[in-house]
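Asks: Here you go, one structure.
The values are calculated or read from the model by the stated rules, or taken from the named source; none is laboratory data. What you see is a predicted model; the values in this text were computed from it and never measured. Note: ideal-geometry Cβ built from the backbone for every residue, glycine included; neighbour counts use all protein chains shown.
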Amino acid sequence: MLRLVSFLVLFVNAAFSYAQTAPCGSKGTVKERIRDCSSQLSSSNNSFVLVSRTKDLKEVYKQNSNSLLWSERLPSAVPYLQAAVTCHGDLAEVAGLNELKWRLPTLEEYKIADKEGVRWSLKNMNYWYWSSSGHDELYNYVWIYSGYDGYIDFANRNYDYVKFSVRCVAK
């Protein structure tokens, strides 16, 4: 009897674990994709909901307050000029939503997302990220956002050796 109970506990845990990583939201409108992924884990404060997850675990989340879609973190840090054009390409990190117009988030979008818990809602946030917002007084600089602690700083956009992570957004 104990063996049967142990087996059932393992089976239920494995099924629950798979449900949290199973592909979902592979086709349809954003609303239909969210419905398909509704059994999957969303953010604890409901500010972000899972829209799509590929079999490679690339996820896209929708920020409920402004309907902004947030892509998965791109796999490597890149210089700003590469980051600026990367979001316009054919990306695995947008989990099949390639028909949308993806771009770098603005500083203001990062600030709003931070207040709504983006650092706890999306995975792989513990990096510095490029924004599309230029510094008002320093022409060659753009704002960057720390997904680790929400800190805002700026970096020179013209140096190839200055590399930060990229997330793309779309509506």
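Asks: What's the number of the condition residue 62 fails, among (1) modelled with pLDDT of 85 or more; (2) surrounded by fewer than 21 Cβ atoms within 10 Å (Cβ to Cβ); (3) touching a Leu at 6+ places or on another chain (Cβ under 9 Å)?
Replies: Checking residue 62 against (1) modelled with pLDDT of 85 or more; (2) surrounded by fewer than 21 Cβ atoms within 10 Å (Cβ to Cβ); (3) touching a Leu at 6+ places or on another chain (Cβ under 9 Å), the one that fails is (2).
Quick grid of which residues meet (1) closer than 29 Å to residue 22 by Cα; (2) modelled with pLDDT under 90; (3) touching a strand residue (DSSP E or B) at 6+ places or on another chain (Cβ under 6 Å):
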| site | (1), (2), (3) |
| --- | --- |
| 81 | no, no, no |
| 85 | no, yes, no |
| 106 | no, no, yes |
| 119 | yes, no, no |
| 136 | no, no, no |
| 141 | no, no, yes |
| 154 | no, no, yes |
| 159 | no, no, no |
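Asks: Continuing with this model, one more query. Look at the range 97-139 and say how many of its residues are closer than 14 Å to residue 154 by Cβ, assigned to a loop (DSSP other than H, G, I, E, B) and hydrophobic (A, V, I, L, M, F, W, C).
Replies: Final tally of qualifying residues: 1.
Asks: Restricting attention to the range 67-93, which residues are of a type in the set (Ser, Thr, Tyr) and surrounded by 19 or more Cβ atoms within 10 Å (Cβ to Cβ)? Before you say what the answer is, go through the steps one by one.
Replies: To start, the set of residues in the range 67-93 that are of a type in the set (Ser, Thr, Tyr) comprises 67, 71, 76, 80, 86.
Residues satisfying the conditions are 71, 80.
Asks: I'd like to check something: does the range 94-104 contain any residue that is closer than 28 Å to residue 28 by Cα, under 11 Å from the mean Cα position of the chain (by Cα) and crowded, with 21+ Cβ neighbours inside 10 Å? Reasoning before the result, please.
Replies: Going through the range 94-104, the residues closer than 28 Å to residue 28 by Cα turn out to be 94-104.
Still in the list and also under 11 Å from the mean Cα position of the chain (by Cα): 94-95.
So of that shortlist, the ones also crowded, with 21+ Cβ neighbours inside 10 Å come out as 94-95.
Yes, the conditions are met somewhere in the range 94-104.
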